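The values are calculated or read from the model by the stated rules, or taken from the named source; none is laboratory data. Quantities reported herein were computed from a predicted structural model and do not represent experimental measurements. Note that each Cβ is placed from the backbone with ideal geometry, even for glycine, and that neighbours are counted across all protein chains shown. These accessible areas exclude ligands, DNA and RNA; they are computed on the full protein's heavy atoms, side chains included. Shrake-Rupley method; radii C 1.70, N 1.55, O 1.52, S 1.80 Å.
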Amino acid sequence: MFTLNDIFVGNAGKFCLQTDREIDPAQVFLEAQHDSRLIKSGDLFIARKGETVDGHRFIAGAAGAGAGAVLCAEPAEDAPADFLQIIVPDVLKALHATAHTRAQRQENTIFLGITGSNGKTSTKDAVATVLSHKAPTLKTFASYNHELGYPQTLLRLEPQQRYAVLEMGAQWVGELRWLSETIARPDWSLITNVGAAHLGIFGSLERVAEAKSELVQVLPSQGVAMLNYDDPTVRAMSAKTAARVLYYGLNPQAHVFGDEITGDPLSGLSFTLNYQYTQRRVELHLPGQHSLMTAAAAGVAAEMHIDSICAALEELKPPPGRCEIKSGPHGCTLIDDTYNANRQSILAVLNAIQTSSLGHQGKRWVVLGDIFELGDYARQEHLASGEAVAGVADYLVAFGDQARFYVEGALQAGMPPEHAFYFSANVENAAELEAAKRAVADLLLHEVHSEDLLLLKGSRGMRTETLLKML
């Protein structure tokens, strides 16, 4: 929630207005949207020129959908005369300045920035669930975690909210520092892990670690850096922050740790939560160990009672497309992990299905699409993932382009050739990719049985979720 005056103050002297109605600086916008299809009554439309789409083409449509105003570089001649068009030299910079102004007004809210190579979104959801047990909490919408989504999240702040859980992604070294210094600096930070996601962009794991560490470097001395003790690279970030360090993990050396883990990793694990010699048993209702200790660490940072933290953890449910358990072909157990993929997240879900129980004649099927943004590391990352699959699954089904290296890795690791299937597709050709998915679906519908376990996973750009409809 923000006002027209936030736009005026943030962009002082750098805007002009076009409308034939009277201007009210106190006009309230509930949200800012860069997608005109999401516009609700009273929202601010962000008309930005993207690489493939120019938002200025949709200004009139946004006005018709009820937008309260538009932030644009050029006014639309076909917009209603009484529609407020705020014209600025640079739409993105104006959005950042507005979000910065709005965030500064939220003096009593703790901003918690979350980053890592994978698990950011599920961690964000888990942390927000726990903190909302103490006070009203804002969380990032979907995965709006970059230069466009981060300010849009901050513009959704409401006065009563005492925590803002902010997912923050990075595509280049310096981006997290830039987001923090330009828009809003977090009071607390939480780092999940450092892995091979976006390795093609950063060039090395060292550069990935450097980029992620910026989120603890920007913290004030009175802040809190929540670091994954189980990841040595993240643990070492303690040397880069002036803030108080709170380690979490499964290692007893962490400040907040879990142990005595039992149960089925698909239906939900049980574990003992430990903090300062206090122990409580927790019964989870989501698959795997994802976000198991991150949310507990956030609760400790917020000085919540351990019983309240445990109660919140037991409410957690998997977000859509992230290890959701569904009924698959012929009544088999289907794991919908289609939201995204990198090698670390593949290994994590393989660990879950390896220890899960199957029927007497049940088989484990793993269906994988390409991992994107790996650059020169694509072959080795897919190979390593395929090798891991061979140690867990009975069958591997790969589709895409780089996915052929999954099969190569699985065969090198000893998977029988008749158990590995590859459906080639140019991932830039939507029709060809969907045809490969249909071939995958035909195979699964013919071969998978009721006692089997079926995992679906691939990078966001592969749109692996469309396989679900085919099944």
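Of the numbered conditions (1) open to solvent by 10 Å² or more (accessible area, probe 1.4 Å); (2) out of contact with any Leu (no Cβ under 7 Å at 6 or more places or on another chain), Ile325 satisfies every one except a single condition; which is it? Answer for Ile325: the failing condition is (2). Take the residues in region 401-419 that are more than 16 Å from Ile353 (Cβ to Cβ) and in contact with a Leu (Cβ under 7 Å, 6 or more places away or on another chain); name whichever of them is most open to solvent (accessible area, probe 1.4 Å). That would be Pro417. Per the conditions (1) assigned to a loop (DSSP other than H, G, I, E, B); (2) modelled with pLDDT of 90 or more; (3) under 14 Å from Gly119 (Cβ atoms), the sole criterion not satisfied by Val349 is (1).
Of all the residues in region 334-358, those that are of a type outside the set (A, V, I, L, M, F, W, C), touching a strand residue (DSSP E or B) at 6+ places or on another chain (Cβ under 9 Å) and open to solvent by less than 50 Å² (accessible area, probe 1.4 Å) number 5.
Just one residue in the set Leu92, Leu112 is under 24 Å from the mean Cα position of the chain (by Cα), closer than 30 Å to Thr294 by Cβ and not in a loop (DSSP other than H, G, I, E, B); that residue is Leu112. Of everything in region 1-52 that is of a type in the set (Asp, Glu) and either open to solvent by less than 70 Å² (accessible area, probe 1.4 Å) or part of a helix (DSSP H, G or I) (or both), the residue that is nearest to Gln85 (Cα to Cα) is Asp43. Taken over region 59-89, the residue count meeting the criterion of being touching a strand residue (DSSP E or B) at 6+ places or on another chain (Cβ under 6 Å) and surrounded by fewer than 20 Cβ atoms within 10 Å (Cβ to Cβ) is 2.
Which residue is surrounded by the fewest Cβ atoms within 10 Å (Cβ to Cβ), if the candidates are limited to region 194-239 and must be among the acidic types (Asp, Glu) and farther than 16 Å from Ser180 by Cα? Taking the candidates together, the pick is Glu206.
Residue-level check: of (1) under 14 Å from Met1 (Cβ atoms); (2) touching a Leu at 6+ places or on another chain (Cβ under 6 Å), Glu158 misses just (2).
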